[in-house]
Amino acid sequence: MNAYLIVILASLLAAWLLGLLSDLLNSRAMRPSIPPEFADVFDPATYARSQEYTRATMRFSGVTETFNTVVVIALILVGGFNWLDLAVRAPGLSPVLTGLLYIGSLGLAGTLLSMPFSAYRTFVLENRFGFNTTTPSTFLLDQLKSVILASVVGGSLVVGVLILFREAGPFAWIWCWGFAVAVSLGLTYVAPTWILPLFNKFTPLEDGELRSAIEAYAEKTGFELSGIFVMDGSRRSTKGNAFFTGLGKRRRIALFDTLIHDMTVEEIVAVLAHEVGHAKLGHIRKRLVTGIARTGLIFWLMSLFLNSRGLFDAFGMEHMSVHAGLIFFFLLYTPISLAMTVLSGLISRRHEFQADAFSARTTGDARSMISALKKLSARNLSNLTPHPLTVWLEYGHPPVLQRVRALKQRVGAA
Ligand SMILES: [Zn+2]
């Protein structure tokens with residue numbers, strides 16, 4: 001048996017089993033009693049519901065992951081990748097168009113297969129716990145817009161990479177890297193004005209107590225803003241959030257309308273101060289730089305494997321091509337990608353603690369951050385006792401109990 005095939009099948013299976021193990025341990029880590037820190041926001045019924053929600057989401061993702069793994073492995077074993085390659089070659093188009101057709105068909109098939117799952121998640125799972133506010137027409141329009149957006153952006157990326165790997169010689173991977181970074185920076189730049197408004201409505205926050213409090217805080221910390229907006233998050237879900245979009249001076253704050261509805265002015269300022277912390281502490285810049293480095297690593301590794309006959313043999317391919325090589329490389333990359341996710345989760349969770357501390361320090365009000373976190377976790381039915389393996393594999397934020405405890409220590413120290 002081909003060594004590449006063994007590595008790919010073993011890592012797909014290992015990733016799937018690791019997910020199942022994490023779900024199992026996560027279920028076992030649930031405790032019947034509410035952690036004392038949360039006794040004021042979780043009543044026993046809400047606490048039981050949060051555990052039920054965690055279980056239901058885990059079951060759902062277990063089924064989804066199993067389905068995806070089975071489909072990919074079956075496609076490999078029955079020679080589906082070669083079959084599709086022969087089919088897209090039949091019309092005799094140029095190599096770049098043939099490649100675009102190949103990757104586009106796989107992308108479209110993936111989207112169509114995932115659509116029932118995403119509909120189930122929205123209209124059955126989220127609905128059962130009272131989160132869903134998405135109407136069927138919003139859902140369908142979202143899917144349509146995402147497909148168009150992915151075709152335009154993904155399509156241009158694929159065409160660029162296919163041309164560069166064919167024409168740019170031994171250092172093609174450096175050109176691809178530059179090209180991909182330029183596209184992604186461009187997207188970040190236009191996201192607040194061109195892309196996000198396709199999905200949500202952003203209205204400037206009206207004058208009043210909240211706006212003055214946010215402006216006073218921004219002024220005090222010397223944080224420049226080009227706007228404070230309210231986003232109609234309630235169009236899709238009752239869950240709340242806040243985030244920044246745009247780069248440098250075009251930075252804007254977006255507050256979910258659901259967040260404004262639920263929280264006091266002090267709590268919203270505390271949440272915002274946490275986001276300001278990410279910017280002021282250089283987290284956003286670091287994330288950008290590591291993202292760029294990671295893209296470079298991917299293209300470099302890709303260039304090493306694109307011409308390897310063994311990799312194509314693993315998939316039973318009659319012809320070698322850049323387009324199929326790209327897909328195979330990403331399957332081969334599964335274990336590295338998993339390691340990268342774990343590593344970036346580790347860094348991201350450390351950043352979250354730092355941003356919480358920044359919020360407490362600059363607002364002088366750790367209590368509002370604590371109560372905001374507690375309200376959010378009750379509202380979103382967060383799992384209060386996740387297993388460390390699950391945190392390690394999936395969490396970009398530390399478990400909320402740890403965040404609250406870290407903030408409480410600051411209150412105690414003050
Ligand atoms: Zn954060």
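Assorted remarks:
- Equivalent ellipsoid semi-axes, the chain, via Cα gyration tensor eigenvalues times 5, rooted, Å: 41, 26, 21
- FRET E, pair ARG285, SER146, Förster distance 35 Å, beta-carbon r, rounded to 0.05: 0.80
- If you take the Cα centroid of the range 278-337 and the Cα centroid of the range 106-179, the two points sit 18 Å apart.
- From phi via Karplus (6.51, -1.76, 1.60), per-residue ³J(HN,Hα) for the range 195-209 in Hz, x at Gly/Pro: 9, 4, x, 5, 10, 9, 9, 10, 10, x, 5, 6, 4, x, 4
- Difference of contour (0.36 nm per residue) and Cα-Cα distance, THR221 to ILE73: 48.0 nm
- Efficiency of FRET between LEU18 and ARG361 - r from beta-carbon atoms, R0 45 angstrom, step 0.05: 0.75
- Longest site-free stretch - the chain; sites: GluC sites (Glu not before Pro), DSSP loop, at most 12 other Cβ within 10 Å: 1-205
- Ellipticity estimate at 222 nm from DSSP helix runs (n ≥ 4, -39,500 (n - 2.57)) divided over the chain, nearest 500: -23500 deg cm²/dmol
- The HN-Hα couplings worked out from phi for the range 33-39 by the Karplus form 6.51 cos²θ - 1.76 cosθ + 1.60 (θ = phi - 60°) are 9, 6, x, x, 4, 10, 4 Hz, whole numbers, x standing for Gly and Pro.
- Gain on full stretching of the segment that runs from VAL411 to LEU297 - 0.36 nm per residue minus C-alpha separation: 36.8 nm
- For VAL230, the residues 5 or more places off, or on other chains, whose built amide H falls under 5 Å of its own are THR203, LEU205, LEU255.
- Each Lys or Arg adds one and each Asp or Glu subtracts one; over the other residues with Cβ under 15 Å from the Cβ of TRP194, this totals +4.
Values quoted throughout were computed directly from the atomic coordinates according to the rules given, and no laboratory measurement underlies them. Keep in mind that what you see is a predicted model, and the values were worked out from it rather than measured. Glycine also receives a Cβ, built like all others from the backbone with ideal geometry; neighbour counts cover every protein chain displayed.
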